[in-house]
1. Out of the residues in the range 197-215 that are away from the ligand (no atom under 14 Å from the Cβ) and within 26 Å of the chain's Cα centre (by Cα), which is surrounded by the fewest Cβ atoms within 10 Å (Cβ to Cβ)?
2. Would the range 375-388 turn up any residue that is under 16 Å from residue 336 (Cβ atoms), not basic (Lys, Arg) and not assigned by TED's automatic domain parsing to the domain that holds residue 216?
3. If you take the residues in the range 123-142 that are of a type outside the set (S, T, N, Q), within 15 Å of the ligand (Cβ to nearest atom) and crowded, with 23+ Cβ neighbours inside 10 Å, which one is modelled with the lowest pLDDT?
4. Inspect the range 184-196 for any residue being out of contact with any Phe, Trp or Tyr (no Cβ under 8 Å at 6 or more places or on another chain) and within 16 Å of the ligand (Cβ to nearest atom) and give the result as yes or no.
5. Before we move on, is residue 355 at pLDDT 95 or above, under 18 Å from the mean Cα position of the chain (by Cα), of a type in the set (S, T, N, Q) and not in a helix (DSSP H, G or I)?
6. Just need a number here: residues in the range 317-348 that are surrounded by fewer than 21 Cβ atoms within 10 Å (Cβ to Cβ), closer than 20 Å to residue 212 by Cβ and within 22 Å of the chain's Cα centre (by Cα).
7. For the range 243-277, how many residues meet the condition of being within 11 Å of the ligand (Cβ to nearest atom), assigned to a helix (DSSP H, G or I) and touching an Asp or Glu at 6+ places or on another chain (Cβ under 7 Å)?
Amino acid sequence: MKIEESKVLFEESREYFPGGVNSPVRAFGSVGGVPVFVKRASGSHIYDEDGNEYIDYVNSWGPSILGHAYGPVVDAVREACLDGLSFGAPTRKELVLGTLIRECMPSMEMMRMVSSGTEAVMSAIRAARGYTGRDKIVKFIGCYHGHSDGLLVKAGSGALTESAPDSAGVPASYIEHTLLARYNDEDSVKKLFSEFPDEIGALVVEPVAANMGLVPPKPGFLEFLREITAKYGAVLIFDEVITGFRMGLGGAQGYYGVVPDMTALGKIAGGGMPMGVYGGKKEIMEVVSPLGKVYQAGTLSGNPIATAAGIATIKTLMEKPEIYPTLEEKAGKLVKALKETLPETWVNQAGSLFSVFFTKDQVVDYDTALASDTVKYGTYFHYLLEHGIYTAPSQFEILFLSAAHTDEDIEKTCGIIKAAAGIIS
Ligand code: PLP
(Lines give C-alpha, C1' and ligand atoms only; values in the text may rest on other atoms or scores of the structure.)
Protein backbone atom coordinates (compact mmCIF):
# COMPACT_ATOMS: atom_id res chain seq x y z
CA MET A 1 0.00 0.00 0.00
CA LYS A 2 1.35 3.42 -0.97
CA ILE A 3 1.19 6.06 1.76
CA GLU A 4 3.79 8.50 0.40
CA GLU A 5 1.55 11.55 0.71
CA SER A 6 0.62 10.67 4.31
CA LYS A 7 4.33 10.32 5.12
CA VAL A 8 5.09 13.81 3.76
CA LEU A 9 2.13 15.37 5.55
CA PHE A 10 3.03 13.63 8.81
CA GLU A 11 6.64 14.81 8.63
CA GLU A 12 5.53 18.39 8.04
CA SER A 13 2.80 18.22 10.70
CA ARG A 14 5.40 17.21 13.27
CA GLU A 15 6.88 20.67 12.92
CA TYR A 16 3.60 22.29 13.83
CA PHE A 17 1.76 19.96 16.20
CA PRO A 18 3.14 17.88 19.08
CA GLY A 19 3.63 14.42 17.62
CA GLY A 20 2.16 15.69 14.34
CA VAL A 21 -1.42 15.45 15.60
CA ASN A 22 -4.14 17.31 17.44
CA SER A 23 -5.16 14.39 19.64
CA PRO A 24 -2.60 11.83 20.82
CA VAL A 25 -3.99 8.45 19.73
CA ARG A 26 -4.11 9.64 16.10
CA ALA A 27 -0.29 9.49 16.00
CA PHE A 28 -0.25 5.65 15.91
CA GLY A 29 2.15 5.81 18.87
CA SER A 30 1.17 2.46 20.33
CA VAL A 31 1.08 0.53 17.05
CA GLY A 32 3.96 2.25 15.27
CA GLY A 33 4.09 3.42 11.67
CA VAL A 34 2.75 6.48 9.92
CA PRO A 35 -0.86 7.60 10.47
CA VAL A 36 -2.87 7.78 7.28
CA PHE A 37 -4.08 11.29 6.55
CA VAL A 38 -7.79 11.25 5.79
CA LYS A 39 -8.98 13.31 2.86
CA ARG A 40 -12.68 12.50 2.92
CA ALA A 41 -15.22 10.00 4.13
CA SER A 42 -18.54 8.75 2.88
CA GLY A 43 -20.86 6.17 4.42
CA SER A 44 -18.75 3.43 5.99
CA HIS A 45 -15.60 4.28 4.06
CA ILE A 46 -12.75 6.71 4.47
CA TYR A 47 -10.25 7.73 1.79
CA ASP A 48 -6.71 8.87 2.49
CA GLU A 49 -4.48 11.42 0.76
CA ASP A 50 -2.83 8.68 -1.32
CA GLY A 51 -6.18 7.50 -2.68
CA ASN A 52 -6.42 4.37 -0.48
CA GLU A 53 -9.89 3.35 0.60
CA TYR A 54 -10.74 1.75 3.97
CA ILE A 55 -13.78 0.35 5.72
CA ASP A 56 -13.88 2.55 8.79
CA TYR A 57 -14.40 1.17 12.29
CA VAL A 58 -13.08 4.25 14.10
CA ASN A 59 -16.06 6.32 13.07
CA SER A 60 -14.50 9.54 14.36
CA TRP A 61 -14.43 7.67 17.73
CA GLY A 62 -18.16 7.29 17.79
CA PRO A 63 -20.18 10.27 16.55
CA SER A 64 -20.94 9.16 12.98
CA ILE A 65 -23.49 6.46 13.85
CA LEU A 66 -25.40 7.11 10.63
CA GLY A 67 -22.25 6.91 8.50
CA HIS A 68 -19.98 9.66 7.22
CA ALA A 69 -21.50 12.62 5.39
CA TYR A 70 -25.03 11.29 5.96
CA GLY A 71 -27.28 13.32 3.62
CA PRO A 72 -29.88 14.73 6.06
CA VAL A 73 -27.18 15.70 8.58
CA VAL A 74 -25.04 17.43 5.95
CA ASP A 75 -28.12 19.22 4.59
CA ALA A 76 -29.07 20.42 8.08
CA VAL A 77 -25.54 21.72 8.64
CA ARG A 78 -25.42 23.44 5.25
CA GLU A 79 -28.76 25.11 5.87
CA ALA A 80 -27.77 26.22 9.36
CA CYS A 81 -24.48 27.72 8.10
CA LEU A 82 -26.35 30.05 5.77
CA ASP A 83 -28.10 31.59 8.79
CA GLY A 84 -24.85 32.38 10.61
CA LEU A 85 -22.28 30.32 12.43
CA SER A 86 -22.64 31.48 16.03
CA PHE A 87 -24.66 34.12 17.83
CA GLY A 88 -23.84 33.95 21.52
CA ALA A 89 -27.58 34.17 22.18
CA PRO A 90 -30.27 31.55 22.77
CA THR A 91 -31.79 29.80 19.76
CA ARG A 92 -34.82 27.68 18.90
CA LYS A 93 -32.48 24.86 17.81
CA GLU A 94 -31.09 24.44 21.35
CA LEU A 95 -34.63 24.01 22.63
CA VAL A 96 -35.46 21.49 19.90
CA LEU A 97 -32.33 19.46 20.66
CA GLY A 98 -32.96 19.66 24.41
CA THR A 99 -36.52 18.41 23.90
CA LEU A 100 -35.32 15.46 21.82
CA ILE A 101 -32.65 14.54 24.36
CA ARG A 102 -35.10 14.61 27.25
CA GLU A 103 -37.61 12.56 25.27
CA CYS A 104 -34.95 9.88 24.79
CA MET A 105 -33.43 10.17 28.27
CA PRO A 106 -36.09 11.34 30.71
CA SER A 107 -33.53 11.44 33.55
CA MET A 108 -32.08 14.56 31.90
CA GLU A 109 -34.84 16.77 33.25
CA MET A 110 -32.73 19.88 32.79
CA MET A 111 -29.49 20.19 30.86
CA ARG A 112 -26.74 22.50 29.65
CA MET A 113 -24.96 22.33 26.30
CA VAL A 114 -21.19 22.66 26.04
CA SER A 115 -18.67 21.93 23.28
CA SER A 116 -17.04 18.61 24.18
CA GLY A 117 -17.40 15.48 26.26
CA THR A 118 -14.56 16.69 28.48
CA GLU A 119 -16.48 19.83 29.34
CA ALA A 120 -19.69 17.88 29.91
CA VAL A 121 -18.19 15.56 32.54
CA MET A 122 -16.08 18.28 34.14
CA SER A 123 -19.13 20.53 34.49
CA ALA A 124 -21.40 17.72 35.73
CA ILE A 125 -18.93 17.07 38.52
CA ARG A 126 -18.77 20.75 39.40
CA ALA A 127 -22.56 20.88 39.60
CA ALA A 128 -22.66 17.71 41.73
CA ARG A 129 -20.09 19.16 44.10
CA GLY A 130 -21.98 22.44 44.27
CA TYR A 131 -25.23 20.61 44.95
CA THR A 132 -23.90 18.31 47.67
CA GLY A 133 -21.34 20.70 49.15
CA ARG A 134 -18.88 17.78 49.13
CA ASP A 135 -15.47 17.77 47.44
CA LYS A 136 -14.54 14.14 46.94
CA ILE A 137 -15.46 12.13 43.86
CA VAL A 138 -15.08 8.47 42.97
CA LYS A 139 -13.88 7.41 39.54
CA PHE A 140 -12.89 4.00 38.23
CA ILE A 141 -9.42 2.92 37.23
CA GLY A 142 -9.28 2.68 33.46
CA CYS A 143 -12.36 4.82 32.81
CA TYR A 144 -11.71 7.94 30.74
CA HIS A 145 -13.81 11.05 31.22
CA GLY A 146 -11.94 13.57 29.11
CA HIS A 147 -8.82 15.49 29.96
CA SER A 148 -9.92 17.83 32.75
CA ASP A 149 -7.29 17.97 35.48
CA GLY A 150 -9.24 16.32 38.29
CA LEU A 151 -10.07 13.28 36.19
CA LEU A 152 -6.62 12.59 34.77
CA VAL A 153 -5.71 10.26 37.53
CA LYS A 154 -3.18 7.53 37.02
CA ALA A 155 -4.92 4.26 36.45
CA GLY A 156 -3.64 0.99 37.84
CA SER A 157 -1.93 2.43 40.88
CA GLY A 158 -1.62 0.25 43.95
CA ALA A 159 -3.67 1.43 46.90
CA LEU A 160 -7.09 2.47 45.77
CA THR A 161 -7.20 5.70 47.66
CA GLU A 162 -3.75 6.80 46.62
CA SER A 163 -4.23 8.82 43.47
CA ALA A 164 -1.37 10.14 41.38
CA PRO A 165 -1.64 12.39 38.31
CA ASP A 166 -1.72 10.60 34.98
CA SER A 167 -0.25 13.57 33.21
CA ALA A 168 2.60 15.95 33.88
CA GLY A 169 1.19 19.40 34.43
CA VAL A 170 -1.53 18.24 36.81
CA PRO A 171 -0.59 19.28 40.34
CA ALA A 172 -1.14 16.53 42.90
CA SER A 173 -3.36 18.95 44.80
CA TYR A 174 -5.82 19.05 41.87
CA ILE A 175 -6.58 15.38 42.23
CA GLU A 176 -6.39 14.99 45.96
CA HIS A 177 -10.19 14.64 46.04
CA THR A 178 -10.33 12.03 43.28
CA LEU A 179 -10.72 8.56 44.78
CA LEU A 180 -10.12 5.48 42.65
CA ALA A 181 -12.17 2.30 42.61
CA ARG A 182 -11.96 -0.81 40.47
CA TYR A 183 -14.50 -1.31 37.71
CA ASN A 184 -16.80 -4.27 38.38
CA ASP A 185 -15.48 -4.55 41.95
CA GLU A 186 -18.18 -3.70 44.48
CA ASP A 187 -15.88 -4.07 47.47
CA SER A 188 -13.53 -1.36 46.22
CA VAL A 189 -16.48 1.05 46.07
CA LYS A 190 -17.86 0.02 49.46
CA LYS A 191 -14.45 0.60 51.01
CA LEU A 192 -14.31 4.20 49.77
CA PHE A 193 -17.82 5.01 50.95
CA SER A 194 -17.21 3.54 54.37
CA GLU A 195 -13.96 5.49 54.65
CA PHE A 196 -15.48 8.80 53.50
CA PRO A 197 -19.25 8.46 54.17
CA ASP A 198 -20.02 12.19 54.28
CA GLU A 199 -17.40 13.52 51.88
CA ILE A 200 -18.14 11.94 48.51
CA GLY A 201 -20.18 14.29 46.34
CA ALA A 202 -20.31 12.19 43.17
CA LEU A 203 -19.43 8.88 41.65
CA VAL A 204 -18.71 9.05 37.93
CA VAL A 205 -18.67 5.96 35.75
CA GLU A 206 -18.75 4.90 32.14
CA PRO A 207 -21.76 2.55 32.45
CA VAL A 208 -20.04 0.42 29.85
CA ALA A 209 -16.31 0.98 30.14
CA ALA A 210 -15.05 1.71 26.64
CA ASN A 211 -11.65 3.29 27.16
CA MET A 212 -9.70 0.25 28.31
CA GLY A 213 -11.04 -1.70 25.39
CA LEU A 214 -14.65 -2.71 25.93
CA VAL A 215 -15.53 -3.89 29.42
CA PRO A 216 -19.24 -4.39 30.09
CA PRO A 217 -20.62 -4.02 33.62
CA LYS A 218 -21.11 -7.32 35.45
CA PRO A 219 -24.78 -8.10 36.07
CA GLY A 220 -25.91 -6.05 39.06
CA PHE A 221 -22.89 -3.70 39.10
CA LEU A 222 -24.74 -0.61 37.88
CA GLU A 223 -27.68 -1.38 40.21
CA PHE A 224 -25.18 -1.60 43.06
CA LEU A 225 -23.72 1.81 42.14
CA ARG A 226 -27.24 3.23 42.08
CA GLU A 227 -27.95 1.87 45.55
CA ILE A 228 -24.73 2.84 47.27
CA THR A 229 -24.69 6.42 45.93
CA ALA A 230 -28.31 6.88 47.03
CA LYS A 231 -27.48 5.44 50.46
CA TYR A 232 -24.60 7.88 51.01
CA GLY A 233 -26.20 10.92 49.35
CA ALA A 234 -23.69 11.08 46.48
CA VAL A 235 -24.67 12.03 42.94
CA LEU A 236 -24.45 9.16 40.46
CA ILE A 237 -23.08 10.46 37.14
CA PHE A 238 -23.19 8.27 34.06
CA ASP A 239 -20.62 9.34 31.49
CA GLU A 240 -22.56 8.38 28.38
CA VAL A 241 -20.29 10.27 25.98
CA ILE A 242 -19.78 6.99 24.11
CA THR A 243 -22.89 5.01 25.06
CA GLY A 244 -25.41 7.85 24.66
CA PHE A 245 -27.52 7.25 21.51
CA ARG A 246 -25.16 4.36 20.71
CA MET A 247 -26.62 1.62 22.94
CA GLY A 248 -30.09 2.75 22.00
CA LEU A 249 -32.01 6.02 22.13
CA GLY A 250 -31.97 5.80 25.92
CA GLY A 251 -28.22 5.13 26.10
CA ALA A 252 -26.78 2.65 28.58
CA GLN A 253 -29.26 3.83 31.23
CA GLY A 254 -32.09 2.69 28.97
CA TYR A 255 -30.28 -0.50 27.97
CA TYR A 256 -29.62 -1.61 31.54
CA GLY A 257 -32.59 0.09 33.17
CA VAL A 258 -30.52 1.95 35.77
CA VAL A 259 -31.27 5.64 36.13
CA PRO A 260 -28.44 7.98 37.20
CA ASP A 261 -28.87 11.40 38.82
CA MET A 262 -26.82 13.08 36.10
CA THR A 263 -25.61 12.20 32.61
CA ALA A 264 -22.86 13.51 30.35
CA LEU A 265 -23.25 13.24 26.58
CA GLY A 266 -21.06 14.13 23.59
CA LYS A 267 -20.20 12.52 20.27
CA ILE A 268 -23.53 11.38 18.67
CA ALA A 269 -25.44 14.19 20.45
CA GLY A 270 -23.64 16.60 18.12
CA GLY A 271 -23.86 14.40 15.03
CA GLY A 272 -20.16 14.85 14.28
CA MET A 273 -19.91 18.52 15.27
CA PRO A 274 -18.31 19.68 18.55
CA MET A 275 -20.95 19.15 21.24
CA GLY A 276 -21.32 18.02 24.80
CA VAL A 277 -24.36 18.05 27.08
CA TYR A 278 -24.68 17.50 30.79
CA GLY A 279 -27.87 17.30 32.75
CA GLY A 280 -29.99 15.41 35.17
CA LYS A 281 -32.33 16.02 38.06
CA LYS A 282 -33.84 19.49 37.98
CA GLU A 283 -32.97 20.18 41.61
CA ILE A 284 -29.30 19.45 40.85
CA MET A 285 -29.15 21.40 37.59
CA GLU A 286 -30.75 24.41 39.27
CA VAL A 287 -27.43 25.02 41.04
CA VAL A 288 -25.90 25.99 37.66
CA SER A 289 -25.55 29.68 36.81
CA PRO A 290 -27.42 31.91 36.19
CA LEU A 291 -29.98 30.13 38.41
CA GLY A 292 -27.49 28.94 40.98
CA LYS A 293 -23.97 29.51 42.22
CA VAL A 294 -22.07 26.93 40.14
CA TYR A 295 -20.46 28.89 37.34
CA GLN A 296 -20.16 27.40 33.87
CA ALA A 297 -20.29 29.13 30.49
CA GLY A 298 -19.13 28.89 26.86
CA THR A 299 -18.83 31.21 23.85
CA LEU A 300 -19.79 28.44 21.42
CA SER A 301 -22.10 26.47 23.75
CA GLY A 302 -25.29 25.31 22.02
CA ASN A 303 -23.71 26.31 18.71
CA PRO A 304 -26.33 26.50 15.93
CA ILE A 305 -24.39 24.29 13.50
CA ALA A 306 -23.70 21.62 16.14
CA THR A 307 -27.29 21.67 17.34
CA ALA A 308 -28.52 21.36 13.72
CA ALA A 309 -26.32 18.27 13.23
CA GLY A 310 -27.43 16.82 16.57
CA ILE A 311 -31.13 17.36 15.81
CA ALA A 312 -30.85 15.75 12.36
CA THR A 313 -28.96 12.78 13.80
CA ILE A 314 -31.25 12.13 16.76
CA LYS A 315 -34.41 12.62 14.66
CA THR A 316 -33.14 10.03 12.19
CA LEU A 317 -32.37 7.60 15.02
CA MET A 318 -35.86 8.14 16.44
CA GLU A 319 -37.44 7.58 13.05
CA LYS A 320 -35.40 4.45 12.39
CA PRO A 321 -35.10 2.56 15.68
CA GLU A 322 -34.34 -0.61 13.71
CA ILE A 323 -30.83 0.81 13.34
CA TYR A 324 -29.95 -0.46 16.82
CA PRO A 325 -30.74 -4.17 16.47
CA THR A 326 -29.14 -4.09 13.02
CA LEU A 327 -25.93 -2.60 14.43
CA GLU A 328 -25.91 -5.22 17.17
CA GLU A 329 -26.36 -7.98 14.62
CA LYS A 330 -23.45 -6.69 12.53
CA ALA A 331 -21.30 -6.45 15.65
CA GLY A 332 -22.28 -10.02 16.48
CA LYS A 333 -20.99 -11.24 13.11
CA LEU A 334 -17.64 -9.53 13.60
CA VAL A 335 -17.39 -10.78 17.18
CA LYS A 336 -18.08 -14.33 15.97
CA ALA A 337 -15.34 -14.03 13.34
CA LEU A 338 -12.91 -12.71 15.94
CA LYS A 339 -13.74 -15.44 18.45
CA GLU A 340 -13.58 -18.23 15.92
CA THR A 341 -10.42 -17.23 14.14
CA LEU A 342 -8.03 -15.26 16.33
CA PRO A 343 -5.99 -17.49 18.61
CA GLU A 344 -5.57 -16.60 22.27
CA THR A 345 -7.81 -13.57 22.30
CA TRP A 346 -10.70 -12.41 24.45
CA VAL A 347 -13.61 -10.52 22.88
CA ASN A 348 -16.08 -8.37 24.84
CA GLN A 349 -19.36 -7.03 23.47
CA ALA A 350 -22.17 -4.85 24.80
CA GLY A 351 -24.86 -3.84 22.33
CA SER A 352 -23.03 -2.90 19.14
CA LEU A 353 -19.86 -2.00 21.06
CA PHE A 354 -17.04 -4.52 21.11
CA SER A 355 -13.29 -4.99 21.17
CA VAL A 356 -10.74 -7.77 20.94
CA PHE A 357 -8.01 -8.18 23.56
CA PHE A 358 -4.86 -10.11 22.76
CA THR A 359 -5.06 -12.13 25.93
CA LYS A 360 -6.81 -15.46 26.38
CA ASP A 361 -8.04 -14.63 29.87
CA GLN A 362 -11.33 -12.99 30.65
CA VAL A 363 -11.18 -9.16 30.70
CA VAL A 364 -13.32 -7.59 33.41
CA ASP A 365 -11.36 -4.50 34.44
CA TYR A 366 -8.24 -2.45 33.81
CA ASP A 367 -5.76 -4.97 35.22
CA THR A 368 -7.12 -7.83 33.16
CA ALA A 369 -7.20 -5.58 30.07
CA LEU A 370 -3.54 -4.70 30.64
CA ALA A 371 -2.63 -8.38 30.30
CA SER A 372 -3.08 -7.93 26.54
CA ASP A 373 -0.16 -8.37 24.18
CA THR A 374 0.06 -4.94 22.58
CA VAL A 375 2.77 -6.03 20.15
CA LYS A 376 0.44 -8.68 18.71
CA TYR A 377 -2.30 -6.08 18.54
CA GLY A 378 0.03 -3.84 16.53
CA THR A 379 0.72 -6.66 14.05
CA TYR A 380 -2.99 -7.35 13.72
CA PHE A 381 -3.79 -3.64 13.32
CA HIS A 382 -1.27 -3.15 10.52
CA TYR A 383 -2.43 -6.28 8.68
CA LEU A 384 -5.98 -4.94 8.71
CA LEU A 385 -4.87 -1.47 7.63
CA GLU A 386 -2.83 -2.88 4.74
CA HIS A 387 -5.95 -4.75 3.65
CA GLY A 388 -8.29 -1.77 3.74
CA ILE A 389 -9.72 -2.02 7.26
CA TYR A 390 -9.28 1.08 9.41
CA THR A 391 -9.57 0.13 13.05
CA ALA A 392 -8.43 1.67 16.33
CA PRO A 393 -4.66 2.29 16.46
CA SER A 394 -4.58 1.12 20.08
CA GLN A 395 -5.36 -2.10 21.93
CA PHE A 396 -7.36 -0.14 24.48
CA GLU A 397 -9.91 1.48 22.19
CA ILE A 398 -13.10 -0.04 20.84
CA LEU A 399 -14.68 -0.48 17.40
CA PHE A 400 -17.60 1.61 16.21
CA LEU A 401 -20.11 0.55 13.61
CA SER A 402 -22.45 2.79 11.66
CA ALA A 403 -25.77 2.26 9.94
CA ALA A 404 -23.84 2.68 6.68
CA HIS A 405 -21.82 -0.52 7.13
CA THR A 406 -23.14 -2.98 4.58
CA ASP A 407 -23.30 -6.76 4.77
CA GLU A 408 -20.57 -6.72 2.15
CA ASP A 409 -18.36 -4.57 4.42
CA ILE A 410 -18.90 -7.00 7.27
CA GLU A 411 -18.24 -10.08 5.12
CA LYS A 412 -15.05 -8.54 3.74
CA THR A 413 -13.87 -7.59 7.22
CA CYS A 414 -14.59 -11.10 8.57
CA GLY A 415 -12.48 -12.55 5.73
CA ILE A 416 -9.56 -10.27 6.51
CA ILE A 417 -9.76 -11.02 10.24
CA LYS A 418 -9.58 -14.70 9.34
CA ALA A 419 -6.54 -14.10 7.15
CA ALA A 420 -4.90 -12.01 9.90
CA ALA A 421 -5.03 -15.05 12.20
CA GLY A 422 -2.49 -16.73 9.93
CA ILE A 423 0.17 -14.05 10.52
CA ILE A 424 -0.25 -13.74 14.29
CA SER A 425 1.75 -16.40 16.04
N1 PLP B 1 -16.02 10.53 28.26
C2 PLP B 1 -15.82 9.42 27.54
C3 PLP B 1 -16.44 8.13 28.01
C4 PLP B 1 -15.08 9.45 26.37
O5 PLP B 1 -14.87 8.32 25.67
C6 PLP B 1 -14.53 10.69 25.95
C7 PLP B 1 -13.74 10.77 24.73
O8 PLP B 1 -13.53 9.83 24.01
C9 PLP B 1 -14.75 11.81 26.72
C10 PLP B 1 -15.50 11.70 27.88
C11 PLP B 1 -14.20 13.13 26.32
O12 PLP B 1 -14.91 13.62 25.22
P13 PLP B 1 -14.21 14.67 24.24
O14 PLP B 1 -13.11 13.96 23.54
O15 PLP B 1 -15.34 15.11 23.34
O16 PLP B 1 -13.73 15.80 25.08
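The values are calculated or read from the model by the stated rules, or taken from the named source; none is laboratory data. Bear in mind that the values here come from a model prediction, so they are computed numbers and not experimental data. Reconstructed Cβ throughout: ideal geometry from the backbone, glycine too, with neighbour counts over all protein chains shown.
1. 201
2. no
3. 142
4. No, that holds for no residue.
5. So residue 355 fits the description; yes.
6. Qualifying residue count, the range 317-348: 2.
7. Adding up the residues that qualify gives 1.
Residues are listed down the side, and each one gets a yes or a no for (1) closer than 18 Å to residue 387 by Cα; (2) free of Cβ contacts under 8 Å to residues at least 60 places away in the same chain; (3) buried (at least 16 other Cβ atoms within 10 Å of the Cβ):
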site	(1), (2), (3)
2	yes, yes, no
6	yes, yes, yes
18	no, yes, no
23	no, yes, no
26	no, no, yes
32	yes, no, no
42	no, yes, no
